[in-house]
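Encoded as structure tokens, the structure appears first; notes follow it.
All of the numbers you see were taken from the coordinates with simple rules; none came from a lab. None of the values given here were measured: they were computed from a predicted structure. Cβ placement follows ideal geometry from the backbone for every residue including glycine, while neighbour counts extend to all protein chains displayed.
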Amino acid sequence: MAKKSRTKYIFITGGVVSSLGKGIASSSLGVLLKSRGFKVTIHKFDPYINVDPGTMSPFQHGEVFVTDDGTETDLDIGHYERFIDENMSNKNNTTTGLIYQSVINKERSGKYLGKTVQVVPHITQEIKNRIVNVTNDKNGFDIIISEIGGTVGDIEGLPFLEAIRQFRLESGRTNTLSIHVTLIPYLSTTQELKTKPTQHSVMRLREIGIQPDILICRTVSPLTKDMKEKIGLFCSVPSSSVIEARDVSSIYEVPLIFEKQGLADIVLKHLRLKSAEPNLKKWKGLVRKIKSLEDVVRIGICGKYTALRDAYKSIIESFVHAGVENNVKVDIKWIEAECLEEDNSYKELKDLSGILIPGGFGERGIEGKMKAVKYARENKVPFMGICLGLQCAVIEFARNICKLNGAHSSEFKKNVKHPVIDLMLEQRGVKDKGGTMRLGAYPCILKTNSKAYEAYKKVVISERHRHRYEVNNDYREILEKNGMVFSGLSPDEKLVEIIEIKNHPWFVAGQFHPELKSRAIKAHPMFREFVKAAKKYRNSKRKKSRTTEKKAVSNK
Ligand code: GLN
């Protein structure tokens, strides 16, 4: 067991370019520290003015990750949860907007009476409060990792860096640690790695008053001993603390790569913490498995934001986890829903062993999604619907099976003849857009003789939501009479949470987002069963085509 001591703080900044994988670096360090028995959490500061990412388009920001307590957060929070297998909350993501909102509210209520409210010290104090506030967990944390979004040198990041400088000064050198994640670009013309951008980035950080203790260097090729020494010399970091982060095929390899270079031990030495040997058995098993998978199952994701993969980050990762538990690699085929609208050949869908319709907002591509549902239903291709995906499945079923012509969601059309999907009662009259959807974890009761129960193997489950619309209860009877099964309901039975259809090998959709609860070492039951069904479907299709081939040969 780790020796109990006061909470230690690690700050992770980024330099040179954005998208360096600071989130993965933070999560990976979290895994290594947790594997040594420490109680760890990770916190992200996002220097934009939105109070949370909930009002941003997925094209701007990628996926909005929702925590159990209903906070709409940055997608990195998803990585934190998946890697360190801990639930995050509203304490784990802080934006500039949130900081300013809180300071302005305090100013209005007279908390700073008589004072001029300024970035330093008031905004920086609020930031420092948020760093510590993560600790207000029942049991407390041994180590808090704070990742700062953006790149050193950005104007909007300055108050956060200034707050960290103050925090480090006030907390003492051995209680905090600064890690700078940077890029060592490779110039193909001269065939060399360049350290100058890193030197400059560290220079910017030092100008602000932060001397990094460790550098994590993203690079496409290995850093030689000489290079590490050069980087160390220019950046005032021991060369042993220059960690190489080479591009890898799976993000889950990163903790092991860091471990090999002794990252956690360097961190613990600096923080004066002693620990037991790391227990990375499960993690090593996971990586071994991911790297050895050869069997491939193709699943199509038919959505509206397919041009930006980050919009579906948690779904992509859920398929990795579910693949591992089914001994297959899930090959995702991206299908832009709008493209299906004009095409009646269904050729895009024919090579698939499973079809997934993810969550989404707005009408664009909706009829294409409906076509994908119809194809899956009629051809008995395993189907999974997530949130809007469930709504599409209900609309398609109402139109084509219940013969309710004009069935639709009132989200997409005014005066719908059959609003089988309608605004939830509690949502009527809601005008504000930020943080006002049905958000976070809600319990759901499963019917025991259902595919859902087969997956979860328990009656009461809890899943995370982010939506305003729901199945309209006025249509439950007709949908049920025609073969739709409401296998998951809210405890008061007023809300449909899971639907299935009879006479289909696997057609399950949830009004919630299961992808938000899948973990690296624990695949989500719905994804696991979906991939299992897809594999089964693929195998039976193969068998069928082999028999047809054989028959053709013997008939010759
Ligand atoms: N737009 C739909 C709603 O608000 C679905 C939302 C989603 O898929 N997350 O109900």
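Note on Val117 and Phe59: with the Förster distance fixed at 45 Å, the Cβ-Cβ geometry gives a FRET efficiency of about 0.80. On the beta carbon distance between Lys225 and Lys417, with R0 = 51 Å, the FRET formula returns roughly 0.10. Is the C-alpha gyration tensor of region 303-367 telling us rounded, prolate or oblate? Criteria: a/c under 1.5 is rounded; beyond that, a/b larger than b/c is prolate, otherwise oblate. Judged from the Cα gyration tensor, region 303-367 comes out oblate (a/c at least 1.5, b/c at or above a/b).
Calculated FRET efficiency, Thr548 to Asp295, Cβ-Cβ distance, R0 = 22 Å: about 0.50 to the nearest 0.05. Projecting the Cα atoms of Leu183, Ser353, Met484 onto the dipole axis of the chain, where Lys and Arg carry +1 and Asp and Glu carry -1 at the beta carbon, places Ser353 farthest toward the positive end. Counting only Cβ charges, +1 for Lys and Arg and -1 for Asp and Glu, the dipole size of region 313-425 around its Cα centre is about 360 debye. Rounded to the nearest whole Hz, the Karplus-based 3J(HN,Hα) values (6.51 cos²θ - 1.76 cosθ + 1.60, θ = phi - 60°) of region 290-300 follow the sequence 3, 6, 9, 5, 10, 5, 10, 10, 9, 10, x, with x at glycine and proline. Between Lys196 and Trp334, the contour length at 0.36 nm per residue exceeds the alpha carbon distance by 45.8 nm.
Of the chymotrypsin sites (Phe, Trp or Tyr not before Pro) in region 143-234, not one is in a loop by DSSP (not H, G, I, E or B) with at most 16 other beta carbons within 10 Å. Candidate cross-link partners of Lys228 among the lysines, defined by an alpha-carbon separation under 26 Å and a same-chain spacing of 8 or more, comprise Lys22, Lys194, Lys196, Lys260, Lys269. Along each principal axis, taking the top coordinate minus the bottom one, the Cα set of region 112-241 gives 61, 35, 21 Å in descending order. For Asn472, the residues whose modelled amide H falls within less than 5 Å of its own, excluding neighbours fewer than 5 places apart on the same chain, are Ile421, Asp422. Here the mean projected area of the convex hull built on the C-alpha positions of region 243-394 is 11.8 nm².
Restricting region 189-241 to trypsin sites (Lys or Arg not before Pro) that sit in a DSSP loop and have at most 16 other Cβ atoms within 10 Å of their own Cβ leaves Lys194.
In a DSSP loop and with at most 12 other Cβ atoms within 10 Å, there are no chymotrypsin sites (Phe, Trp or Tyr not before Pro) in region 347-385.
For the chain, excluding the exposed loop sites themselves (GluC sites (Glu not before Pro), DSSP loop, at most 13 other Cβ atoms within 10 Å), the longest remaining stretch covers 1-293.
Using 0.36 nm per residue and subtracting the Cα-Cα separation, the extra length available between Arg6 and Glu426 on full extension is 146.8 nm.
Ignoring lysines fewer than eight residues from Lys329 along the same chain, the ones with Cα atoms less than 17 angstrom from its Cα are Lys289, Lys291, Lys313, Lys522, Lys532, Lys535, Lys536. Between Asn129 and Ser19, the simple spin-label model (points 7 angstrom out along Cα→Cβ) gives 3.6 nm.
The modelled label-to-label distance between Lys522 and Ile401, using points 7 Å beyond Cα along the C-beta direction, is 3.3 nm. Each of Leu233 and Thr448 was given a label point 7 Å from its Cα along the Cα-to-Cβ line. The distance between the two points is 7.4 nm. When restricted to Cα atoms, the chain yields an Rg and a Dmax of 25.6, 97 Å, respectively.
How would region 404-528 be classified by its alpha-carbon gyration tensor: rounded, prolate or oblate, with rounded meaning a/c under 1.5 and the a/b versus b/c comparison settling the rest? In terms of gyration-tensor shape, oblate.
Residues whose amide H falls under 5 Å from that of Lys8, counting only those 5 or more places apart or on a different chain, are Ile143, Ile144, with hydrogens built in the peptide plane. Normalised by 2.2 N^0.38 Å, where N counts its residues, the alpha-carbon radius of gyration of region 184-305 equals 1.34. Think of each Lys and Arg Cβ as +1 and each Asp and Glu Cβ as -1; about the Cα centre, that makes the dipole of the chain roughly 1720 debye.
At full extension, Leu158 and Asn327 could sit 56.2 nm farther apart than now, given 0.36 nm per residue minus the alpha carbon distance. Spatially close Lys pairs in region 44-182, defined by Cα atoms under 16 Å apart and a spacing of eight or more places or different chains, total 6. Electrostatic bookkeeping for Trp506 treats Lys and Arg as +1 and Asp and Glu as -1; over the other residues with beta carbon under 10 Å from its beta carbon, the sum is +1.
Relative to the longest principal axis of the C-alpha atoms of the chain, give the angle of the C-alpha long axis of helix 124-133, reported between 0 and 90° and rounded to the nearest 10°. Long axis of 124-133 versus the principal axis of the chain: about 60 degrees.
Both numbers refer to the Cα atoms of region 45-137; Rg and Dmax are 14.6, 46 Å.
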